[in-house]
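Notes to accompany the following structure.
The values are calculated or read from the model by the stated rules, or taken from the named source; none is laboratory data. In this text, all values refer to a predicted model and were calculated from it rather than measured experimentally. No Cβ is skipped: glycine too gets one built from the backbone with ideal geometry, and neighbour counts run over all protein chains shown.
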Amino acid sequence: MTGKELADLMRKSPAECHMALVKEYGRYVYGIIYNTLRSCGTKEDIEECASDVFADIFMKCKIDTTLGNDIKSFIGTVAKRTAIDRFRSLSSRANHTDDTDPDDMQELVSDFSVDEHVDRNELCRTLLDKIDELGEPDSTIIIQKFYYNRNSSEIAERLSMTASAVRVRCSRALEKLRTLLIESGITL
Amino acid sequence: MKDKNIFDILENADIDSMDRLIDKCPELSDEELRKIYTDSERKFKMNEKKISGSERTKRDNIQITEGDVVEGVERVRRPSWIAPLGMAASLILVAGIAILSTVIISRKPVDEKPPVATISTETTVSTTSSEVTTTQPVTNGTYSEDISNFVGKWKYQISDNHTVSVDGRDMGIAEIFSDGTYTFTDNNGDTDTGIIEIGSEEIGGERITTLTFSNGNPEETFIFFVDETGNELRLGNGDSARLIRINFKDISKYSGKWEYQTAENGDFNNEPAVLQGTLEIMDNNTYTYTALDGTEKNGTINIRTKERSDALWLDFIDSTSGERKTFFFNVDFQNMFFDGEGGRIIKVHDVDVTSFAGQWLYQVSDGNDTVDVSPKNIGSLYINNDGYYRYTETSDYPAFSYNSYIGTIKFSTEEHPDGSSNILVEFWDNGTMRFSAYFNEDQTNILNIGNGGMERLIRGRWFGGCGIREVTGQWEYQELESGYGVEKYKPIGSVTINDDETYSYTDFDGHVTTGKVETSIEVIDETELETVNFYEDGEFKFGGYFHFGNEEFISIGNGGLYRLIRK
């Protein structure tokens, strides 16, 4: 959506403009927030944060529709910053959801044995590269299953596959990924 | 678990990596998009109201410079309890000392000695959570002036027109901590923190304990008077605002029948719940659990709370083995308790489904105001006496797709942190809950969807359908004899509609049919049509449309072949 399209839509009907914004950028905003709140927020927290983002954007549109043509960047920035605010808020709430045993947490962290000097972003990119090497639909299945925590049925529905096919592909893809990562010097 | 954890490295990824992850983000369902949209719209409306007026520019701190660089999106939000508190405080000033000297609430005198505040003077709110024992309500009026007597959550209420005990409206929740600090969270989720000082005032010869809430701004310092029970804190003598203690440990909140269910991976949103047994919680803190094979277990229940936590724990302690099983409750899952091991207990309801039967409209706000002020009809819903429903979306809201659902309704409870609860009417379709609505006993013809005032279901007849009184009387049943320009009808029977919603139809052969008649609303392309439907033994017999402005005529069906003409 361009700035002009946005301004035209706002003039025509603010409500329709809001719907269009959510429809076009909902997934984008959700993805950004998910990236920040994945470890500390629930699905409801993420949706709540997404609605905060859009409420702010609606307000911005009401006051000033001269957003230029890079609306996506603007929305992305608002989403990122709102997510960081929410992350701080959620993190500061002690025992917000459950009293997880600290020992368990330690165990989870210690599962990684990657070289501590490897740059985190580099590692992140490498991991994504290796996932991409799996090809489609395996790379999507792996990301949606283990990063977005979607179950096989949900993934299957969205990829027009059966749940059992997703499970089989996922299991094989995971093994393949493990091999690819080991070949790259990343030990799981 | 180990396999999953490698993906944690992807969290807080750099921009490039994040874009790649977003590319693989699952598409959001219509339901998810709709929820985000309605919540956003609600918040937007609230923000609009907040910043309207002179503060508008000042309070909007999303700043875009020429290069479309976002300068900041954080905004300082002021909790909404300040305004009503200010209003209530001004009442005290107007009333003056003379009224203050009157005994506000009858009470037994407390210690005559000057009170000693036992609070910390720290202004920083600690985030450490420690388990505390909630002080039981004091009922003899002789509590010591110690902050521990007030630790816990309190519901803040204000009155608009009368007194708070008559029409008190919930405005938020205040939590008092053992370190003498407090947090107030209003209904919008905005918070205010500060310290509490305990003091006293001598009024009418009585010394009354006071709690002074201060957030550091002298203009926002408010004095609450403690009543004789210790469970209510009143702001001034105007009886227009108060804090009421919420006793989460009151077992009666949880007494009744529950079901114990499990899901394979504990994901009740996506996996079928499997019934394992039933549970009955009694008012005397005891329980009986009956497994599906009939095995019974009995024991006692211990309720635990924590400061600065929305969670609540129920410990079920078996009286024979001493085995303890704990379920926790959290605001994120308000209608049930979870055991953290893939199980949950969920309250069982005995709600009369027939009370929901009938024709309903699904309305949303048209974007100009809340749905009660400016509604837009987007769908029609019919609920049968057996709980079977049929929902058809007739408008393109929210422009995602037209939806049509068929299924049955179920009921659940949504528990709130303040101890109150709502019954939710859930509309299920093949194992998927399509939407849910709040049931309000005081307003049974409206089911609100969400709490933002943006969507609702409204019963057709109540909404303004023609109503039985409009159609009561004698009617002639006519059939089209000829058409093509000059429509000519001939009588084929007569209908009598009574104001007790019954009718009798007599055809020309003298056969009589009797049954119930129902008036409601049908929505077609956002147009409401007032329907009159005739039933025999619960089965639809015939039906038609009533026309305001031409009340002498009911068209039967859509083809114009039959009609009723008032005699």
Every residue in the range B:210-250 that is assigned to a strand (DSSP E or B) and among the polar types (S, T, N, Q), please. B:T210, B:T212, B:S214, B:T221
Members of the range A:1-23 found to be within 10 Å of chain B (Cβ to nearest Cβ) and assigned to a helix (DSSP H, G or I), listed by number: A:G3, A:P14, A:A15, A:E16, A:C17, A:H18, A:M19, A:A20, A:L21, A:V22, A:K23
Those residues that are on the phi < 0 side of the Ramachandran plot, surrounded by fewer than 16 Cβ atoms within 10 Å (Cβ to Cβ) and either not small (G, A, S) or not in a strand (DSSP E or B) (or both), I need them from the range B:287-307; list them, please. B:T288, B:T290, B:L292, B:D293, B:T295, B:E296, B:N298, B:T300, B:N302
Spot the failing condition for A:L123; the list is (1) modelled with pLDDT of 60 or more; (2) among the aliphatic types (A, V, I, L, M); (3) touching a Leu at 6+ places or on another chain (Cβ under 7 Å), and only one is missed. (3)
Go through (1) modelled with pLDDT of 80 or more; (2) part of a strand (DSSP E or B) and name the single condition B:T320 misses. (2)
Is at least one residue of the range B:263-273 among the hydrophobic types (A, V, I, L, M, F, W, C) and in a strand (DSSP E or B)? no
Any residue in the range A:126-149 that is under 12 Å from B:D23 (Cβ atoms) sitting within a Cβ distance under 6 Å of a residue that is of a type in the set (K, R)? List the pairs, counting only those 6 or more apart or interchain. A:L128/B:R20; A:T140/B:K24; A:I143/B:K24; A:Q144/A:R150
Can you tell me how many residues within the range B:509-536 are modelled with pLDDT under 85 and either among the small types (G, A, S) or part of a loop (DSSP other than H, G, I, E, B) (or both)? 3
If you go through A:S139, A:S171, the only one that is over 20 Å from A:S39 (Cα atoms) and touching an Asp or Glu at 6+ places or on another chain (Cβ under 9 Å) is A:S139
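Table: residues versus (1) loosely packed, with under 14 Cβ neighbours inside 10 Å; (2) of a type in the set (K, R); (3) at pLDDT 90 or above.
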{"residue": "B:F439", "(1), (2), (3)": "no, no, no"}
{"residue": "B:G450", "(1), (2), (3)": "no, no, no"}
{"residue": "B:G464", "(1), (2), (3)": "yes, no, no"}
{"residue": "B:I468", "(1), (2), (3)": "no, no, no"}
{"residue": "B:Q474", "(1), (2), (3)": "yes, no, yes"}
{"residue": "B:E481", "(1), (2), (3)": "yes, no, no"}
{"residue": "B:G485", "(1), (2), (3)": "yes, no, no"}
{"residue": "B:S494", "(1), (2), (3)": "no, no, yes"}
{"residue": "B:D499", "(1), (2), (3)": "yes, no, no"}
Test B:V371 against the stated conditions and say whether it is within 14 Å of chain A (Cβ to nearest Cβ), in a strand (DSSP E or B) and among the hydrophobic types (A, V, I, L, M, F, W, C). no
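Table: residues versus (1) within 30 Å of B:L312 (Cβ to Cβ); (2) crowded, with 21+ Cβ neighbours inside 10 Å; (3) free of Cβ contacts under 8 Å to residues at least 40 places away in the same chain.
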site	(1), (2), (3)
B:I203	no, no, no
B:E206	no, no, no
B:T212	yes, no, yes
B:N215	yes, no, yes
B:P218	no, no, yes
B:N231	yes, no, no
B:L235	yes, yes, no
B:R242	yes, yes, no
In the range A:158-171, the residues that are of a type in the set (D, E, K, R) and either exposed (fewer than 13 other Cβ atoms within 10 Å of the Cβ) or within 8 Å of chain B (Cβ to nearest Cβ) (or both): A:R158
Of the residues that sit in the range B:348-380 and are crowded, with 21+ Cβ neighbours inside 10 Å and within 18 Å of the chain's Cα centre (by Cα), which one is nearest to B:F328 (Cα to Cα)? B:F356
Can you find even one residue in the range A:58-66 that is in the same structural domain as A:V29 (by TED's automatic domain parsing) and at pLDDT 80 or above? yes
Would you pick out the residues in the range A:138-157 that are over 17 Å from A:L180 (Cα atoms) and more than 7 Å from chain B (Cβ to nearest Cβ)? A:K145, A:N149, A:S152, A:I155, A:A156, A:E157
Six or more apart or on different chains, Cβ atoms under 6 Å: show the pairs whose first residue is in the range B:493-520 and touching a residue at least 24 places away in the same chain (Cβ under 8 Å) and whose second is among the acidic types (D, E). B:S494/B:E476; B:T513/B:E536; B:G515/B:E536; B:V517/B:E501
